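The values are calculated or read from the model by the stated rules, or taken from the named source; none is laboratory data. No experiment lies behind these values; they were computed from the predicted model shown. Don't worry about glycine lacking a Cβ; one is built from the backbone with ideal geometry, like all the others, and counts go over all protein chains shown. Just so you know, the surface numbers come from the protein's heavy atoms only, side chains and all, with ligands and any DNA or RNA stripped out. Shrake-Rupley method; radii C 1.70, N 1.55, O 1.52, S 1.80 Å.
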Amino acid sequence: AMYAVPSTLLADGESYQALVVQLQDIDGNPTVARSDIPVVLSSSSRLAGYIKNKDLTIKTGSTYAIAEFITSTTPDRTTITVSSPGVNTVSTDLNVVLQEFKYTISNIPSRLNGLEGIPINVTVSVDDIPVNGVLVQVSGAYAETNSSVTSGNGEAEVIYKPTAGGNNTVLLTISKKGYTTVTKSFNIYIEQPIRITIKTVTEKGKDLDA
């Protein structure tokens, strides 16, 4: 028999020991190999990823062997097939997917006084479980590019720091391999104090501050 455990993997480019080849009797019960049994695995889709060790051996005295599957970063579905001389060819399906984030973003004001910058707090989870190692990046047409990474509680703080006054757009991205990237934009107006210097000119052409 051929099993994918689990049958759904993240499209994160990582290695998973998820392909289990099990020797069974005619009733579907696990049975011990009386001698080494070589088996060959194949995948119907290279887009989903690839099998690291296609040639396996169910060792004498064992009932199964495990192969690694390296996922790609593109979601797809593939059929894993196992064959061996004198044994029925069997297959199973494996799904490689991108998960969706659930996220919250702290309130971003529509106006900001000056160029000091403000903290933006982001919380990321999947099925109410915090996700760590998520890259949170903020930038803008007239702003620095700053980034932070979520901690074990799924939280990150990143600083939005504009570089010029006037109308601007806050661009925020939330990303991690195996997950759908989130991109959000917010309009913001940056107010700047205006300094006015008044000078008078003497008859001799010398400037004097008013």
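Details
- Total charge dipole magnitude, the stretch 49-131, about the Cα centre, Cβ charges on Lys, Arg, Asp, Glu only, Debye to nearest 20: 160
- Integer Hz, Karplus 6.51/-1.76/1.60 couplings in order for the stretch 171-183, x for Gly and Pro: 10, 10, 10, 10, 8, 6, 4, x, 10, 6, 5, 9, 10
- Residues whose amide H lies under 5 Å from that of Ile58, counting only those 5 or more places away or on a different chain, are Ile37, Val39; hydrogens are built 1.01 Å from N in the peptide plane.
- Backbone amide hydrogens, once placed in the peptide plane, bring Ser45 within less than 5 Å of Thr79, excluding anything fewer than 5 places away on its chain.
- For Asp55, the solvent-accessible surface computed with a 1.4 Å probe is close to 120 Å², ligands and nucleic acids excluded.
- For the chain: lysine pairs under 17 Å (alpha-carbon distance), excluding those fewer than 8 apart on one chain: 5
- Solvent-accessible area per residue in the stretch 10-143 equals 56 Å², computed with a 1.4 angstrom probe and all protein chains kept.
- Think of the chain as a dipole: +1 on every Lys or Arg Cβ, -1 on every Asp or Glu Cβ, centred on the Cα centre; then among Asn88, Val40, Ala1, Val40 lies furthest on the positive end.
- The modelled label-to-label distance between Asn113 and Ser7, using points 7 Å beyond Cα along the C-beta direction, is 6.0 nm.
- Cβ-derived FRET efficiency at R0 41 Å, Gln24 paired with Asn153, nearest 0.05: 0.40
- Separation in nanometres of the label points that stand 7 Å from Cα toward Cβ, at Ala164 and Val126: 4.0
- Residue-count net charge about Ile159 - beta-carbon cut-off 14 Å; Lys, Arg +1, Asp, Glu -1: -2
- Element breakdown for the stretch 40-153 at a 1.4 angstrom probe: carbon and sulfur atoms account for 47% of the accessible area.
- Projected over every direction and averaged, the convex hull enclosing the alpha-carbon atoms of the stretch 17-101 yields 6.2 nm².
- Counting 0.36 nm for each residue step from Ile66 to Thr31 and taking away their Cα separation leaves a gain of 11.0 nm.
- The stretch between Ala141 and Thr79 holds 17.8 nm of extra length on full extension. This uses 0.36 nm per residue minus the Cα-Cα distance.
- Candidate values [x] 21.7; [y] 17.9; [z] 19.5 were compared with Kirkwood radius over Cα pairs in Å computed on the shown model; the agreeing label is [x].
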